[in-house]
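Participant: Below you'll find the structure I mean.
Bear in mind that the values in this text are calculations on the coordinates, not laboratory data. Fair warning: this is a prediction, and the values are worked out from it, not measured in the lab. Positions of Cβ are generated from backbone atoms using ideal geometry, with glycine treated the same way; all protein chains shown enter the neighbour counts.
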Amino acid sequence: MDNGVQTAAWDLWRVAATTPDAPCVTDLDATGGASTLSYGELVARVAAVAGGLLDVGLEPGDRVALLLHNSHAYVESHLGAIAAGLVVVPLNVRLVGADYLHMLTDSGTRLLVTTGEFLDRVPELALPGVTVVRADLGELDALAGRGEPVREPAAAAGTAPASLMYTSGTTGAPKAVVLSHHAWGSVADTAIRVLDMGAGEVTLHVAPLTHGAGFLLLPTLELGGHNLLCRSYDAARTLRLFGEYGVTGLFVVPSMIRMMLDARPEGWRVPATLRRLYYAGSPIDPDTMREAAAAFAGRLVQSFAQMESPMFFTVLDQDDHRQVLTDPDSPLVRSAGRILSGVELRIIDDAGEPVHDGDAGEIVARAPQTMNGYWGRPDDTERTLSEGWLHTGDIGHVDDGYLYIVDRKKDMIVTGGSNVYAREVEDVLMSFPTVKDAAVIGLPHRVWGEAVTAVLVAAGPGDDSDRDSAAVIAACKQQMAGYRVPKAVEWVDELPRNAYGKVLKKVLRERFSR
């Protein structure tokens, strides 16, 4: 029997009761300049928003979508919906109209909080049956003025949905991952433990709160820390903010680390106040990891998981990154880290049987934060959560207790009866000075079944002199088995990516299939 849990909003109430004047959230990009809400001010605001949501007729379990940049409005709306017993649907600000319409319709959203920026871009967002609240016109303030503020957050079962988080949808319409209150609480508790978060946290949010950064908001609140919000990411500004605000930690993806490294002014040194640079979301280039480990004095932490069970299956901690400092050739530069306590992780073959240590197979896992399922998709849920294990679709192997991710299962190429993992070939291609970006796909071939094909972006200006396919293939032959060497090389000005930065390999396959 589920006896219920204290939801994320309870931490706000608890801290506000003891330290109401402590700074809670600073919107660095607020109109008119940086604006700070204390814990006491934020709890009053969240209570009023929750009361307003209930006053307009929403009922526990109804969905509230948020299409907002990082801002006070986002934090107030998210926590206000949770305090009212509603389900939050965060929407990525980088998507296109069709994506938003699908997500609003698929989730059965009753109310959307957004701004004119998005309504001007996608007027169709004003769907029948969906109440639109424009935060930029003061409508969130008006909503908060309706009804009576809630005295305390609504009670909720631990297994009850807290949010619907849409996946990136590289191979079809995005699916909504149902994360419970228990899952959110588990992620927050794990973040505090594995990131060694403690008193005096100042967390900088330069990535969207709608995804990875949002999972650091709650542990920071739980610890009574200070959240700093940026509307968008600027690498040079981020480096300045570290020192200006005494930032202790932040979440980024590997590409953002590369940008920071390139943006460092001469003589830059990592501030003593920065406790950790936490990254996840995609593999990191080994050279970038080595350079970052040196630049940030080993204060890096990497994790591996996926939205279906967010943030933490494995962790490559600061000690591991410091080992890379002392041994640049350490295999840890390609590792996703050690399996966390409380997580069960296996590597299985196509028959579902565990493989031998060191052998590659699909990564499956069981963890406290795993989703309830996909919203309205029982068949997809059953396939993904087969026999109680989350099937990640990632291919990897475990050596000496460390997980190494090889590829996505759907990106495995079968050529002449041999398996080729695209990621392994891409890593080799990315080591060539003439290659700026690379994607490897399998294309139909009458002899081999699939032909390994490299789609490349040249590192130079992109004229014919920079696009020497024969030289690329010759270099590959020096570094990998013959069956892995690309049979063909295609050159493009840039790789197609979705709003989450993932390469759309389906688009490439359609473009280059003969």
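Participant: Using the Cα atoms of the range 384-427, I'd like the radius of gyration and the largest Cα-Cα distance, Dmax, both in angstrom.
Facilitator: 12.3, 34
Participant: Then there is this: Determine the principal axes of the Cα atoms in the range 116-213, then give the extent along each, sorted from largest to smallest and rounded to whole angstroms.
Facilitator: The Cα atoms of the range 116-213 stretch 45, 44, 31 Å along the principal axes, largest first.
Participant: Taking N as the number of residues in the range 330-421, what is its alpha-carbon radius of gyration divided by 2.2 N^0.38 Å?
Facilitator: For the range 330-421, the normalised Cα radius of gyration comes out at 1.15.
Participant: Quick one, what does Rg over Rh come out to for the range 252-319 if you take C-alpha atoms and the Kirkwood Rh?
Facilitator: Across the range 252-319, the Cα-based Rg/Rh ratio is 0.98.
Participant: At q = 0.10 Å⁻¹, what log₁₀ I(q)/I(0) does the chain have when each alpha carbon counts as one equal point scatterer in the Debye sum?
Facilitator: With no solvent term, the Cα-only Debye profile gives -0.83.
Participant: Within the set K175/K506; K410/K505; K409/K477, which residue pairs have Cα atoms separated by over 21 Å?
Facilitator: Pairs exceeding the cut-off: K409/K477.
Participant: Please state, to two decimals, what the Cα-based radius of gyration of the range 226-340 comes to when divided by 2.2 N^0.38 Å (N = residues).
Facilitator: Cα-based Rg divided by the globular estimate yields 1.03.
Participant: Now for a different question. I'd like to compare 77-87, 217-227, 194-204, 13-23: which one has the highest average count of other Cβ atoms within 10 Å, and what's the full order after that?
Facilitator: 77-87, 217-227, 194-204, 13-23
Participant: Could you list, bin by bin from short to long, the percent of Cα-Cα pairs of the range 416-512 in 10 Å steps?
Facilitator: That works out to 15, 51, 30, 3, in percent per bin.
Participant: Are there GluC sites (Glu not before Pro) in the range 303-388 that DSSP marks as loop and that have at most 10 other Cβ atoms within 10 Å, and which are they?
Facilitator: The qualifying sites: there are none.
Participant: Now for a separate question. Can you list the trypsin sites (Lys or Arg not before Pro) in the range 120-199 that are in a DSSP coil and have 10 or fewer other beta carbons within 10 angstrom?
Facilitator: Here the sparse-neighbourhood loop sites are R151.
Participant: Continuing with the same structure: Run through the range 477-514 and list the GluC sites (Glu not before Pro) located in a DSSP loop whose Cβ has at most 13 other Cβ atoms within 10 Å.
Facilitator: E494
Participant: Just want the ordering: H356, H391, from fewest to most Cβ atoms lying within 10 Å of their own Cβ.
Facilitator: Exposure proxy ranking, most exposed first: H356, H391.
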